[in-house]
Amino acid sequence: MSDRLAIIMTSGTREKLQMAAMTAAVAAAGGSEVLVFVSMNALLAFRRDQAPEAPPEGEVGRLLASKGAPRPTDLFRQAVELGSVKVFPCSMAMDVLALAPEALLDYLDKPTGLTKFLSELGAYPTLTF
């Protein structure tokens with residue numbers, strides 16, 4: 001496994017949020033540094049209050065919710081607490097959604113733009129969800 005990983009999230013569906021969160025948590029547990037950029041509909045799941053339940057894309061998404069699988073945001077919190085994961089909200093999506101930093105979950109890092117995020121990646125392998 002690489003010692004670094006970047007994840008770019010734009011989808012707000014349960015399956016994609018879940019897979020991104022699991023990937024970040026497993027990579028962090030394996031000792032990798034993980035940078036996550038959260039934008040577009042994915043950002044809605046990270047609101048402190050009124051965060052909607054992520055809509056399922058299909059049967060697996062419905063089963064994740066009905067069987068009590070951990071919420072993706074809880075998995076991200078655990079990954080951040082491991083110390084090697086940073087989750088950056090997209091400043092443009094925050095503007096579009098009229099979200100102040102205080103409206104987002106407390107473990108998110110400082111808002112950043114896509115240009116800055118991409119410029120800091122260097123040779124990180126990058127996954128998109």
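The values are calculated or read from the model by the stated rules, or taken from the named source; none is laboratory data. What you are looking at is a predicted structure, and each value in this text was computed from that prediction instead of being measured. Using ideal geometry, Cβ is built from the backbone for each residue, glycine included, and neighbour counts are taken over all protein chains shown.
In table form, for the structure just shown:
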{"quantity": "Number of the condition not met by residue 54 [criteria: (1) among the hydrophobic types (A, V, I, L, M, F, W, C); (2) in a loop (DSSP other than H, G, I, E, B); (3) over 20 Å from residue 109 (Cα atoms); (4) out of contact with any Leu (no Cβ under 6 Å at 6 or more places or on another chain)]", "calculated": "(4)"}
{"quantity": "Top-ranked residue of segment 45-70 - restricted to ones that are modelled with pLDDT of 95 or more and under 27 Å from residue 113 (Cβ atoms), ranked as surrounded by the most Cβ atoms within 10 Å (Cβ to Cβ)", "calculated": "45"}
{"quantity": "Candidate set from segment 26-44 (those that are part of a helix (DSSP H, G or I) and touching a strand residue (DSSP E or B) at 6+ places or on another chain (Cβ under 8 Å)); member that is nearest to residue 106 (Cα to Cα)", "calculated": "43"}
{"quantity": "Within segment 57-80, considering residues that are among the basic types (Lys, Arg) and in a loop (DSSP other than H, G, I, E, B), the one nearest to the chain's Cα centre (by Cα)", "calculated": "71"}
{"quantity": "Residue in segment 92-107 that is in contact with a Gly (Cβ under 7 Å, 6 or more places away or on another chain) and surrounded by fewer than 18 Cβ atoms within 10 Å (Cβ to Cβ) present", "calculated": "yes"}
{"quantity": "Residue count, segment 13-31 (criterion: surrounded by fewer than 20 Cβ atoms within 10 Å (Cβ to Cβ) and touching a residue at least 24 places away in the same chain (Cβ under 8 Å))", "calculated": "7"}
{"quantity": "Those residues of segment 107-124 which are outside any helix (DSSP H, G or I) and either of a type in the set (Phe, Trp, Tyr) or under 19 Å from residue 80 (Cα atoms) (or both), in sequence order", "calculated": "107, 108, 109, 110, 111, 112, 120, 121, 124"}
{"quantity": "Residue in segment 95-106 that is among the β-branched types (Val, Ile, Thr), outside any loop (DSSP other than H, G, I, E, B) and more than 25 Å from residue 29 (Cβ to Cβ) present", "calculated": "yes"}
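For every residue, the table says whether it meets (1) within 18 Å of residue 3 (Cα to Cα); (2) modelled with pLDDT under 95; (3) surrounded by fewer than 19 Cβ atoms within 10 Å (Cβ to Cβ).
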residue: 72; (1), (2), (3): no, no, no
residue: 81; (1), (2), (3): yes, yes, yes
residue: 85; (1), (2), (3): yes, no, no
residue: 90; (1), (2), (3): no, no, no
residue: 110; (1), (2), (3): no, no, yes
residue: 114; (1), (2), (3): no, no, yes
residue: 120; (1), (2), (3): yes, yes, yes
